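Here the structure comes first, spelled out in structure tokens, and everything after it is commentary.
Just so it is clear, none of the values below were taken in a lab; they were calculated from the coordinates. These numbers were taken from a predicted model, which means no experiment stands behind them. Because the Cβ atoms are built from the backbone with ideal geometry, glycine has one as well, and the counts that use them run over all protein chains shown.
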Amino acid sequence: MSREQQLVAQARKAFESGRSRPLEYRIYQLKNLKRLFTERQKEIADAINKDLNRSEVGTQMFETLGLEGEINLIIRKLKEWAAPRPVEKNLMTLSDTVYIQPEPLGVVLIIGAWNYPWAVTIQPLIGAIAAGNAAVVKPSEVCVHTAKVMENLLPLYIDKELYPVVTGGVPETQELLRQRFDHIFYTGNSTVGKIIMEAAAKHLTPVTLELGGKSPCYIDKTCDLSIACRRIAWGKYTNCGQTCIAPDYILCEPSIQDRVIEEVKKSIKGFYTADPKTCPDYGRIINQRHFKRILTLLEDSTVAAGGENDESGCYIAPTVLRDVKPEAKVMQEEIFGPLLPILPISGLDEAIKFINKGEKPLALYVFSSDEKVINRMRDETSSGGFLANDCLVHFSISSLPFGGVGNSGMGCYHGKFSFDQLSHLRGCLVKKLKMEGVNNMRYPPHTPKKLGWARFFILKTADLGWVGRMMLLAVLAAVAAVVLQKYLR
Ligand code: NAD
């Protein structure tokens, strides 16, 4: 038995013991997890600093703050989310108890990516715990130091049988994928997303795929370019461009291109000084493989700002590219680095056409002071999330579903969406063994008369208040029992 197999079997056994189910146990685990973020902030931040050169403040801001918020929300709301959810009934089921009962799925596999390793690995884990599941956590091997810290720390704070950590690369992940899970939650690129889905199909395991792609950003000439470019520069260069929802490229009219470049340059200087290489708030590319990949994307485009790089430190300066053609290398794949190409286009119509020619993006950004422009962009395109006049911040709103569509993913999470995504929403109907006369209409022999009654009882929804429902129920029960028993024998 491989180690992966053992850990999955152990998690399954722990799940079957039933201990992940009581709400108090779920909350107890989540409170312990929250304690990890505060007590071990330094270890978490040091590892991320080694992996991505992120500052300690940056780590709190972009990783653990959101996780703490998510846990606080669950502590407040779990009882409500986990409770039976009564639903609307038709007349046929008026006297029955009809509701949705969320129940745990079982053992969930969580495969994380390296760019925000705590946020994208632990946020699904929080949802899995809240929903009463066991979960096997597989951090990305690419963030070497963080994976180690996660492996060391998680078992000290949460139930290590229910929520084991498996580290390793492709062979270990593939061995995990050969096991049977009740859900797989994967964050990473679309190519591997297909491998995950294929493996899941063998066991008919449902998947959530949080993928990436090229998130477009349209700047309308009506907007305040200084504010727009500051927000875009922040969205692009945070974490050195290694953000799944970073604005990938800019579409704008040629007449504003120069000003856009100037404003982005101003923001770069304002955020990261004239020498970003020495600025503690400017990150590094995760490894040399990605460093080389990003530099190749520069080859056939014109650098308008930045472009400096240093392979030994995996440093690439915040870079702007001008007059970029749709055929350029930088436009053929998700950049996932600090390059910001600008594609001149004739206006909104062409921008919409261009966006719709590509795969459906994870995020779509529009900057405009004209509501009509914003609404047209929203209504005539499709994307995982849509933001007007800002970047990235939708990730922090737990009342919005976060996820992709089409090539950018399937399923969504955050807040109650995580809970629902990792629960089975079981449809329940509890009837009493009384009023059998009402049921005659559905039992053979089938007659047109019975059909008439069935039409009435099934198609009418009971949209009355509680008192109205009770009164109607009493009247209908009496009438139905008499009529059906008398005439439909
Ligand atoms: P990665 O290389 O760390 O891969 C992600 C996970 O897949 C890792 O745990 C890795 O072990 C596993 N993996 C890699 N190759 C595999 C294989 N052949 N078989 C089985 N498992 C394998 O991360 P990445 O893919 O480079 O991450 C970057 C991508 O993730 C970008 O496209 C980005 O947009 C996307 N992303 C999306 C979100 C989101 O929330 N939608 C968040 C972060 C990153």
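Data overview
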item	result
The range 317-381: radius of gyration over Cα atoms, expressed as a fraction of 2.2 N^0.38 Å	1.19
Loop GluC sites (Glu not before Pro), the range 41-141 (other Cβ atoms within 10 Å of the site Cβ: 12 or fewer; DSSP)	88
Cα→Cβ-extended label distance, 7 Å offset, between residue 224 and residue 266, nm	1.2 nm
Unit charges at the beta carbon, dipole of the chain: most positive-side option, 312, 129, 439	439
Net charge dipole size for the chain [Lys, Arg +1 and Asp, Glu -1 on Cβ; Debye, nearest 20]	2620 debye
Extension gain, residue 180 back to residue 83 (0.36 nm per residue minus Cα-Cα distance, nm)	32.1 nm
Size of the range 52-170 as Cα extents on the principal axes (Å, biggest first)	62, 29, 24
Inverse of mean 1/r across different Cα pairs in the chain, Kirkwood, Å	25.2 Å
FRET E, pair residue 61, residue 31, Förster distance 22 Å, beta-carbon r, rounded to 0.05	0.50
Evaluated over the range 216-397, the Cα radius of gyration and Dmax, each in Å	15.3, 48
Potential lengthening between residue 375 and residue 93 on full extension [0.36 nm per residue; Cα-Cα distance subtracted]	97.3 nm
Surrounding net charge for residue 369, when Lys and Arg each add one and Asp and Glu each subtract one, Cβ distance under 11 Å	-2
Around residue 268: net Lys/Arg minus Asp/Glu count, Cβ-Cβ under 14 Å	+2
Over the range 176-254, relative contact order from alpha-carbon pairs under 8 Å, at least 6 apart, %	30 percent
Using a Förster distance of 22 Å, the FRET efficiency for residue 255-residue 293 (Cβ separation, nearest 0.05)	0.10
Inter-site label distance for residue 400 and residue 451 at 7 Å from Cα along Cβ, in nm	5.0 nm
Sum of side-chain charges, residue 1 neighbourhood, beta-carbon under 15 Å (Lys, Arg +1; Asp, Glu -1)	+2
Qualifying aspartates and glutamates (Cα of each under 14 Å from Cα of residue 434; at least 8 residues distant if same chain)	96
Computed over the range 191-283, the ratio Rg/Rh where both radii use C-alpha atoms and Rh is Kirkwood	1.17
Where the Cα pairs of the range 387-448 fall when distances are cut into 10 Å bins, in %	16, 27, 16, 11, 20, 9, 1
Approximate shape of the range 21-115 as ellipsoid semi-axes (Cα gyration tensor, √5λ), whole Å, largest first	40, 14, 12
Cα gyration tensor of the range 232-326 - equivalent ellipsoid semi-axes, whole Å, descending	21, 16, 12
Label point distance in nm, residue 167-residue 300, each placed 7 Å from Cα along Cα→Cβ	4.2 nm
